[in-house]
Amino acid sequence: MLEAAAARVPRSRRQGTPAIETTAVLLDGKVYELRQWDVVRCAPPVVRAFAAGPDGMDLIAIGGPKPEGRDGEMLDAVWPG
């Protein structure tokens, strides 16, 4: 996390062989398999849940402005099968 203006990350990274991991996303009751570098945009009313592959999952969530009092709803994920 960079807090100062114009701050730079002091380290960089490279990787030889890209890891291929399969994860899944559940959108309105339908499962979609995801691969590395896939991006999913969920419209606000879409019910969504995520499942990690055998090596875990990195999830980056970016949201917009939050309404006053919040309007999200927690639901139980119902995965088929």
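Observations, loosely collected:
- Region 37-78: trypsin sites (Lys or Arg not before Pro) in DSSP coil with no more than 10 other Cβ atoms inside 10 Å: ARG41, ARG70
- Low-density loop cleavage sites - GluC sites (Glu not before Pro) in region 32-81, where at most 11 other Cβ are within 10 Å (DSSP): GLU68, GLU73
- Sequence of VAL39, VAL25, VAL46 once ranked by neighbouring C-beta atoms within 10 Å, starting from the fewest: VAL39, VAL46, VAL25
Quick note: the coordinates plus some simple rules give every number you see, no bench work behind them. Since the structure is predicted, the reported quantities are computational estimates derived from the model, not experimental observations. All Cβ positions, even for glycine, are placed from backbone atoms using ideal geometry, and neighbour counts span all protein chains on display.
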